[in-house]
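Since the structure comes first, as structure tokens, the remarks are kept for the end.
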Amino acid sequence: MASKAPRDNIDESKLTVTKPKTKAVGIPAVTNALKISLEQMGPLRSVQTLMAVNQIDGFDCMGCAWPEHDKRHKAEFCENGAKAVAEEATRRRVSPEFFETYSVAELKTRDDYWLGQQGRLTHPMVLDEGATHYRPIEWDDALEIIAQEIRAMDNPDQAIFYTSGRTSNEAAFAYQLLVRGVGTNNLPDCSNMCHESSGSALVETIGIGKGSVSLTDLETASLIFVAGQNPGTNHPRMLSALEKAKKNGAAIISVNPLPEAGLLKFENPQTVSGVLVGTELTDDFLQIRAGGDQALFQGLGKYLLEAERAGRNTPGLETVLDHHFIRNHTVGIEPYLQQLEQVEWDEIVEATGLTREQLNATGERLLASNATIVCWAMGLTQHKHSVPTLRDVVNVLLLQGNIGKPGAGVCPVRGHSNVQGDRTMGIFEKMPEKFHDKLDLEFQFQSPRAHGYDTVAAIRAMRDGKARVFVGMGGNFVKAAPDTEITEQALANTNLTVQISTKLNYSHLAVGKRALILPTLGRTERDAQRSGDQRVTVEDSMSAVHASRGRLKPASDLLKSEVAIVCELGHKLFTDANGTPLANTPKVDWLALRDDYSLIRKHIEAVIDGFENFEERIQNPGGFVLPHPPRDNREFATASGKAHFTGNHLEYLRVPEGRLILQTLRSHDQYNTTIYGKDDRYRGIHNGRRVVLVNENDVAELGFRDGDMVHLISEFQGTERRAENFRIVTYSTPKGCAAAYYPETNVLVPLDSVADTSGTPTSKSVIVRLEPAKATVNA
């Protein structure tokens, strides 16, 4: 049997600190995965569920977007994937009786761990205006409340429709159609807060906002950079691909302010040698200052340029630079070369915190490589200068022709399991005109062209009284967004908040005048509609689309799928009493889409390039890979038809005296805002989360000691924000840099501090000071 949910919040007084690990996964990961699975699901359900994760005839793991080969292991999941599955397939339930017991005010005193551990939502619930408790509501009445609020708006842009990256392609496509049928492009999503900078830089430079490599490319590369990323916690199955690359002769360079155990040594639990011996992955660890990555890649470009002028060469070429590729497939190299000539090595050393010797050695790695891949995640995308940083990553790859050849390219590693697919389906506030034209043709209506709100703009609109309705398709918007207090106040300004969710989270408590919780099916569960059991599809980080089908009995007979919720709302909004579509709304039978998802896939096929013969191709094991012109043919959908070099002014944070650059990050027992447990065992943090990791010299210079309790205060444009009662942990991080877990520290991230061009919150470069707190904690 599964165990009961915890009774109390995390007791931070029990926090202990041990030495960080220097290796990851192995038997401890297997043990922990099984422990949490048994606690949440019990033994039989654990076996049934885990053996279906990422299998060709099973369901896609909701834990990340890492791809699979066509040939799968019987246990094709990682520790954190098992945690994600266990949390969804849990036997714990949040019923109407739960909401009778707990008022909203009382639930707001509970932490994110306690809320998430209570279990699956079972009934649609409503919080009436002025009420203290949620109460049950019938589905039809709940959808009617949403429809009435939307009809009562003064203009369509008063509604905001947020999406989490776990939403399937079918649900996302139906959702964006509904939203554009309402008459708005207000489609903020989780990408706005994570990889928007990647998309912005890649669309500008290579014409498509997606990674250009396959698993085979990664496994056969000569040189791999893993920058601003912690795969041991966030994408553990990536370690298997890096292990294969290493055994095939690749050199791996890790670029991060913190040493991460998974990149030091990987013990593969799938093999005997992996458990007994393991594989050391990282050849060179570049412990870079937070936000110093642009300087690193400009330095590497400068090194290549100087080597070219010195008459050196790289494997397969008579020169360092690939002049044939540059001449035939790129434009704009002169402004880039001018920037490389102007930037000084002393400034690069200052910005990165690295030595000239380290920079030279990394340059030599590039010279020795005939196929280079750069992988990255949030450590590169959540700074003010993230887009220029990623342009400079592309610049270095273009110099040696490392786009569109085997074993080479760009690899932004996505977090949510279908965040890339949602964007492909149209979940974006500014889709290209071609998408709108094809959507209009398919559904015989005029979709809105004015750009909508991204996440930050949506929060501002609610804060300023410009939005009346908020609908969240999955996720935990309040705890994922920056500036937590302002975000919560913004939602309170709306007339109605709607959360479509599998489990309880804090966003159900940050409400407008009225609030709805609509419980939905999870990936693990059977989705039975009138035409039979349904399957959905997802797109992974490497543009592969494949089917996913749950098998478990739903947590409640009252759950509806995301597709069903969207389609039934669409039917209410856009059809008259006779079922006839209203004027200038999508001409589609919404209830037919609900009953048979293959009809949605036919519409996707008609609207979105690359989905020809959609239904037939998802019958194939592993599905199919979407077109990627730079990868496939060295074709670039830019204004020039070629890849673009860019000249970017070097930017980096200069920290005021007595301050630190704080980066927010995940613990190991965490998936985005979902807290699975109390530990971050790879970093040596146990039984608590309120810690701040600080360089030991900074600790001493600021007048503190390891173990002291402090308040974190961020400073931005004359305004201070506070996160209280954090324990200082001396840690290996560059001087002037610190780290702490989100969502607890999202309160410190200013709403108006965003990346240029992309608008992504700058969660990896928050200027903070430490103030002493009275409490003390013993090690």
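From the set of residues in the range 414-428 that are open to solvent by less than 10 Å² (accessible area, probe 1.4 Å) and part of a loop (DSSP other than H, G, I, E, B), which is nearest to N186 (Cα to Cα)?
Within the range 414-428, the match that is nearest to N186 (Cα to Cα) is I427.
Looking at the range 120-133, is at least one residue hydrophobic (A, V, I, L, M, F, W, C), open to solvent by 20 Å² or more (accessible area, probe 1.4 Å), more than 21 Å from F470 (Cα to Cα) and not in a helix (DSSP H, G or I)? I'd like the intermediate steps shown before the answer.
Applying the first criterion (hydrophobic (A, V, I, L, M, F, W, C)) to the range 120-133 yields 121, 125-127, 131.
Next, only the ones that are open to solvent by 20 Å² or more (accessible area, probe 1.4 Å) stay: 131.
This time we only want the ones that are more than 21 Å from F470 (Cα to Cα), so: none.
No, there is no match, as no residue in the range 120-133 is hydrophobic (A, V, I, L, M, F, W, C), open to solvent by 20 Å² or more (accessible area, probe 1.4 Å), more than 21 Å from F470 (Cα to Cα) and not in a helix (DSSP H, G or I).
Determine whether R72 is part of a loop (DSSP other than H, G, I, E, B), at pLDDT below 95, open to solvent by 30 Å² or more (accessible area, probe 1.4 Å) and more than 21 Å from R526 (Cα to Cα).
Values: part of a loop (DSSP other than H, G, I, E, B): yes; at pLDDT below 95: yes; open to solvent by 30 Å² or more (accessible area, probe 1.4 Å): yes; more than 21 Å from R526 (Cα to Cα): yes.
Criteria met by R72.
Residues being in a strand (DSSP E or B), of a type in the set (G, A, S) and open to solvent by 10 Å² or more (accessible area, probe 1.4 Å): count how many of those fall in the range 538-564. First the steps, then the outcome.
Pass one, the range 538-564, residues in a strand (DSSP E or B): 538-539, 544-548, 552, 560.
Keeping just the survivors that are of a type in the set (G, A, S) gives 544, 547-548.
If we keep only those that are open to solvent by 10 Å² or more (accessible area, probe 1.4 Å) too, we end up with 544, 547.
Residues that pass the stated criteria total 2.
Would you confirm, using the coordinates I've provided, whether E106 is open to solvent by 20 Å² or more (accessible area, probe 1.4 Å), within 30 Å of S447 (Cβ to Cβ) and in a helix (DSSP H, G or I)? Step through it out loud before you land on a result.
Details: open to solvent by 20 Å² or more (accessible area, probe 1.4 Å): yes; within 30 Å of S447 (Cβ to Cβ): no; in a helix (DSSP H, G or I): yes.
When the stated conditions are applied, E106 does not pass them.
Out of all the residues in the range 282-334, which are closer than 25 Å to K246 by Cα and either loosely packed, with under 15 Cβ neighbours inside 10 Å or at pLDDT below 95 (or both)?
Within the range 282-334, D284, N313, T314, P315, G316, L317 meet the criteria.
Filter the range 475-484 down to residues that are farther than 11 Å from I459 by Cα and modelled with pLDDT of 95 or more, then give me how many there are. Walk me through how you get there before you give the answer.
Looking only at the range 475-484, we keep the residues that are farther than 11 Å from I459 by Cα, and these are 475-476, 479-480.
Filter again for modelled with pLDDT of 95 or more, leaving 476, 479-480.
The total comes to 3.
Can you pull out the residues in the range 226-237 that are touching a Cys at 6+ places or on another chain (Cβ under 8 Å) and of a type outside the set (G, A, S)?
Initially, the range 226-237 is screened for residues touching a Cys at 6+ places or on another chain (Cβ under 8 Å), giving 226-227, 229, 234-237.
Within the range 226-237, V226, Q229, N234, H235, P236, R237 meet the criteria.
In the set N155, N186, which member is open to solvent by less than 10 Å² (accessible area, probe 1.4 Å) and of a type in the set (S, T, N, Q)? Outline the logic, then answer.
Numbers: N155 fails: open to solvent by less than 10 Å² (accessible area, probe 1.4 Å).
Just a single option satisfies the conditions, and that option is N186.
Looking for something open to solvent by 40 Å² or more (accessible area, probe 1.4 Å) and either closer than 30 Å to L215 by Cα or in contact with an Asp or Glu (Cβ under 7 Å, 6 or more places away or on another chain) (or both) - is there at least one such residue anywhere in the range 482-497?
Within the range 482-497 (the criterion being open to solvent by 40 Å² or more (accessible area, probe 1.4 Å) and either closer than 30 Å to L215 by Cα or in contact with an Asp or Glu (Cβ under 7 Å, 6 or more places away or on another chain) (or both)), the answer is no, since none of the residues qualifies.
Conditions first: (1) open to solvent by 10 Å² or more (accessible area, probe 1.4 Å); (2) touching a residue at least 24 places away in the same chain (Cβ under 8 Å); (3) closer than 22 Å to V410 by Cα. L340 passes all but one, so which condition is the exception?
L340 satisfies every listed condition except (1).
Out of A643, A639, report the one residue that is at pLDDT below 95 and of a type in the set (A, V, I, L, M, F, W, C). Talk me through it step by step, then tell me what you get.
On the way: A643 fails: at pLDDT below 95.
Within the list A643, A639, the selection yields A639.
Which residue pairs have Cβ atoms under 7 Å apart, sit 6 or more places apart or on different chains, and have a first residue in the range 242-259 that is of a type in the set (G, A, S) and a second that is at pLDDT 95 or above and in a loop (DSSP other than H, G, I, E, B)?
From residues that are of a type in the set (G, A, S), the pairs are A245/A221; A250/A221; A250/S222; A251/D283; S254/T282.
Cβ-Cβ below 6 Å, separation at least six or inter-chain, first residue in the range 758-770 and over 17 Å from Q294 (Cα atoms), second open to solvent by 20 Å² or more (accessible area, probe 1.4 Å) and β-branched (V, I, T): which pairs?
These pairs meet every condition: P761/V754.
Given (1) of a type outside the set (K, R); (2) surrounded by 19 or more Cβ atoms within 10 Å (Cβ to Cβ); (3) in contact (Cβ under 8 Å) with a residue 60 or more places away in the chain, identify the lone condition not met by N268.
(2)
Could you list, in sequence order, all residues of the range 348-367 that are open to solvent by 50 Å² or more (accessible area, probe 1.4 Å) and touching a Leu at 6+ places or on another chain (Cβ under 7 Å)?
Scanning the range 348-367 gives Q358, R365.
In the range 462-475, what residues are surrounded by fewer than 23 Cβ atoms within 10 Å (Cβ to Cβ) and assigned to a helix (DSSP H, G or I)?
R463
Which residue out of L281, L317, L304, L276 is under 28 Å from A639 (Cβ atoms) and not polar (S, T, N, Q)? First the steps, then the outcome.
Details: L281 fails: under 28 Å from A639 (Cβ atoms); L317 fails: under 28 Å from A639 (Cβ atoms); L276 fails: under 28 Å from A639 (Cβ atoms).
Step by step, each of L281, L317, L304, L276 is checked, and only L304 is under 28 Å from A639 (Cβ atoms) and not polar (S, T, N, Q).
Scanning the range 196-242 for residues that are among the charged types (D, E, K, R) and over 19 Å from T330 (Cα atoms), which turns out modelled with the lowest pLDDT? Before the answer, list the steps.
Within the range 196-242, the first condition is being among the charged types (D, E, K, R), and the residues that meet it are 196, 204, 210, 217, 219, 237.
Retained after the next criterion (residues that are over 19 Å from T330 (Cα atoms)): 196, 217, 219, 237.
Working: E196: 96, D217: 97, E219: 96, R237: 84.
Here the residue is R237.
Looking for something of a type in the set (D, E) and within 30 Å of the chain's Cα centre (by Cα) - is there at least one such residue anywhere in the range 285-302? I'd like the intermediate steps shown before the answer.
Here is the first cut: in the range 285-302, the ones of a type in the set (D, E) are 293.
From what is left, the residues that are within 30 Å of the chain's Cα centre (by Cα) are 293.
Looking through the range 285-302, at least one residue is of a type in the set (D, E) and within 30 Å of the chain's Cα centre (by Cα).
L354 fails exactly one of the following numbered conditions: (1) in contact (Cβ under 8 Å) with a residue 40 or more places away in the chain; (2) over 31 Å from the mean Cα position of the chain (by Cα); (3) closer than 30 Å to L258 by Cα. What is the number of that condition?
Answer for L354: the failing condition is (2).
Among the numbered criteria (1) in contact with a strand residue (DSSP E or B) (Cβ under 8 Å, 6 or more places away or on another chain); (2) over 30 Å from S95 (Cβ atoms), which one does R460 miss?
(1)
So A515 passes all but one of these: (1) small (G, A, S); (2) over 20 Å from the mean Cα position of the chain (by Cα); (3) assigned to a loop (DSSP other than H, G, I, E, B). Which condition number does it fail?
Result: A515 fails condition (3) only.
Taking the criterion of being open to solvent by less than 30 Å² (accessible area, probe 1.4 Å), more than 24 Å from N746 (Cα to Cα) and part of a loop (DSSP other than H, G, I, E, B), would at least one residue in the range 439-447 satisfy it? Spell out how you get there, then give the answer.
Going residue by residue through the range 439-447, those that are open to solvent by less than 30 Å² (accessible area, probe 1.4 Å) are 439-440, 443, 445, 447.
Restricting the remaining residues to those that are more than 24 Å from N746 (Cα to Cα) gives 439-440, 443, 445, 447.
Adding the requirement that they be part of a loop (DSSP other than H, G, I, E, B) leaves 445, 447.
Looking through the range 439-447, at least one residue is open to solvent by less than 30 Å² (accessible area, probe 1.4 Å), more than 24 Å from N746 (Cα to Cα) and part of a loop (DSSP other than H, G, I, E, B).
The values are calculated or read from the model by the stated rules, or taken from the named source; none is laboratory data. All figures in this text were calculated on a predicted structure; none of them were measured in a lab. Methodologically, a virtual Cβ is constructed for each residue, glycine included, from the backbone with ideal geometry; neighbour enumeration extends over all protein chains shown. SASA here: full protein model, heavy atoms, side chains in, ligands and nucleic acids out. Shrake-Rupley method; radii C 1.70, N 1.55, O 1.52, S 1.80 Å.
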